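Worksheet: the structure to be examined is printed underneath.
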Amino acid sequence: MSGLFSYDPSSPLVFTQFYFWVFFLAVYAVFSFVKDRRLMRNAFLFFASLFFYYKTSGLSILILLFVICSDFFIARRMVRCGKGGRRRKAWLALSVCIDLGLLCYFKYAYFFTDVVSSITGMELRVTDVFSQLGNILAGSERFDVDRIVLPVGISFFIFQVISYSVDVYRGDVEPVDNILDFGFYVSFFPQLVAGPIVRASEFIPQLYRKFSLSRRQFGIAVFWILNGLAKKIILSDYIAVNFVDRVFDNPLLFTGFENFAALFAYSLQVYADFSGYTDIAIGVAMLTGFYLPTNFNSPYKAPNAQDFWRRWHMSLSRWLKSYLYIPLGGNRRASFGTYFWIILFAVIALILSGSWTVSVLIAAAGLSMIALSRIIKGSSKKILSNINRFITMLFGGMWHGASWNFIIWGGLNGIGMVVYILWKDMRWWLRIMLTGLTATALCLAGRLSPQPIWNILSVWACIIFAVTAVRFLYHLARPDAMGAPSSGLDSLRCKPRGRDALTLRLGNLWAIIQTFTFITFTRLFFRSGSNLDPATANQVAWNTAKNMVERIGSAWDLQVIPDICASYWKVFALVFAGMAIHLLPARWKRRYRICFASLPHPVMALLAAGIVFILYQFVTADTQPFIYFQF
């Protein structure tokens, strides 16, 4: 019995465990008695959320409680200072410094230790000061002080409380009067450990609303829960355990085709895993009368990198836009923050690469672009917006972890967004010239210095050049038929008919394939840096990425591909089925979601039981944690 109330690191309370649903049923049973009493409802859900977090992350609950108390009282002090003024801004700065200080300590302690060691030459050892404090209070060596354990979901709840402090400072939301209400906002258990990141202005007004759950809303909530479980258990876990993890654990043991297939399968896995968690969180929250923001909108239908980030992890994208991109100056100007981040990333590059040349090049590139914006007045907004956008994406990479892999991943996504913005305004003759020169240069580089990376890039550049040439020739023949890629497969219901409509559809389809391929290859660096001990993450992640590039970029033995497909046919079938469902038109998904929600409750219960039985057949021996728990 005591085990029910103790923390077991090997068995955290996650959505795919039977014990979580026992916990939720118990919570919901009590909730049904207090749902109409606002203060009691919020207080009960707050304490239930604390218990959930304790079962998920142990004594890290103390960090969560500290953040709740800190930001609650600082926000109240901020309001007493009145609007504007230095004191109000000082309280905001204190709040943000405390929150980011905790985040940096737990996520970047090893990185900062390496920085100091490389600068001073001293041998430094990372120590968990919180465990050390616990040992002092306990009077014994109860906690391990030699390794910092990252609290589950710290990035999510830290960003959430920062949004509260900033929104209160701006006057976008009134401060919460009751610490239990505020604690509930920060710790609401469905989205606590992996999002979506709920902004104060979106959620706090819901604290004061009466409980409401219609028959259709109940059905929609059940659908989201089952949909999320299916994504996680059938798609994500099965694909990971039976294929993706094996390849990424030791890429050199597998062929180039297997490495290539694992990379694309991982794109579906990470989507099914993360969006599956979000679906369950939205469903569970809806059953309690609260509504979380949409976090995914069919991201692999995106025709460009910019649209992809409007569809993927939407709560983080909105957070970065509101609290980083716009304060940096957006598309208007280069602020102090712009210069600060350019210099900071140059320093980070110096530390991670050990090369002054790399650091100077990064700083010079950023500062010269700002100088160029001042010279070319007509293009200043576009240049500055691209600089601030690129900085934002680099920060997004750093948010996931302080390693070269995450920085490269963020930087590549930033480059993808900038290239698209420049590309869409280019004349066709310039597009064909640039793609042709790029393909030629990469092919020459592969001849002069045979490396797998040049093989990969040259093949892809030649494909882009060939497609661009075809579209350019068509443009010459029918200039009125060419259109810029729109918003993806859901936008293919176009007014043009006949050949023009087919051309537009093919153009959109090519843009989607191109974007999906680009995003997938950036994931090589993302996946290589995940699930690693921070102390060794840089070296291990870099070796994994290098080995996969070597395999994919080397000559393939085409004769073994049929045997590989036969060996992994179940995995490949799931990947194709998952992508097919993902690419269905949004109106079709909305239709079958509403049909499920409209079923009579007995029929819905039988159907849900059948789905759960099918899910049970796919459950793996070990519980697979959600990928974003580590962030």
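Mind listing just one residue for me: the one in segment 74-102 that is touching a residue at least 12 places away in the same chain (Cβ under 8 Å) and open to solvent by 50 Å² or more (accessible area, probe 1.4 Å) and, of those, nearest to residue 112 (Cα to Cα)?
So the residue we want is 100.
Before we move on, is residue 297 under 16 Å from the mean Cα position of the chain (by Cα), open to solvent by 30 Å² or more (accessible area, probe 1.4 Å) and either of a type in the set (Val, Ile, Thr) or over 30 Å from residue 29 (Cα atoms) (or both)?
yes
Can you pull out the residues in segment 192-211 that are more than 17 Å from residue 155 (Cβ to Cβ), open to solvent by less than 10 Å² (accessible area, probe 1.4 Å) and touching a Lys or Arg at 6+ places or on another chain (Cβ under 9 Å)?
Scanning segment 192-211 gives a single hit, 207.
Residues 57, 49: which one is assigned to a helix (DSSP H, G or I) and modelled with pLDDT under 85?
Exactly one residue qualifies, and that residue is 57.
Examine segment 309-326 for a residue that is outside any helix (DSSP H, G or I) and open to solvent by 10 Å² or more (accessible area, probe 1.4 Å), and state whether such a residue exists.
No, the conditions are met nowhere in segment 309-326.
Would you mention how many residues in segment 14-43 are of a type in the set (D, E, K, R), part of a helix (DSSP H, G or I) and open to solvent by less than 60 Å² (accessible area, probe 1.4 Å)?
Residues flagged as of a type in the set (D, E, K, R), part of a helix (DSSP H, G or I) and open to solvent by less than 60 Å² (accessible area, probe 1.4 Å) within segment 14-43 amount to 1.
Look through segment 525-549, keep the residues that are surrounded by fewer than 18 Cβ atoms within 10 Å (Cβ to Cβ) and outside any loop (DSSP other than H, G, I, E, B), and return whichever of them is modelled with the highest pLDDT.
By that ranking, first place goes to 546.
Which of the helices (runs of 4 or more DSSP H) contained wholly in segment 565-624 include at least 1 residues that are under 28 Å from the mean Cα position of the chain (by Cα) and farther than 29 Å from residue 13 by Cα?
Where helices (runs of 4 or more DSSP H) fall fully within segment 565-624 and carry at least 1 residues being under 28 Å from the mean Cα position of the chain (by Cα) and farther than 29 Å from residue 13 by Cα, they are 569-582, 586-597.
Residue 461 is checked against (1) surrounded by 15 or more Cβ atoms within 10 Å (Cβ to Cβ); (2) small (Gly, Ala, Ser); (3) under 27 Å from residue 429 (Cβ atoms); (4) at pLDDT below 80 and fails just one. What number does that condition carry?
Every listed condition holds for residue 461 apart from (4).
The values are calculated or read from the model by the stated rules, or taken from the named source; none is laboratory data. Keep in mind the model is a prediction, meaning the values are calculated, not measured. Cβ coordinates were reconstructed from backbone atoms using ideal geometry, including for glycine residues, and neighbour counts include every protein chain displayed. Remember, those area values only see protein heavy atoms, side chains included, never the ligands or the DNA or RNA. Shrake-Rupley method; radii C 1.70, N 1.55, O 1.52, S 1.80 Å.
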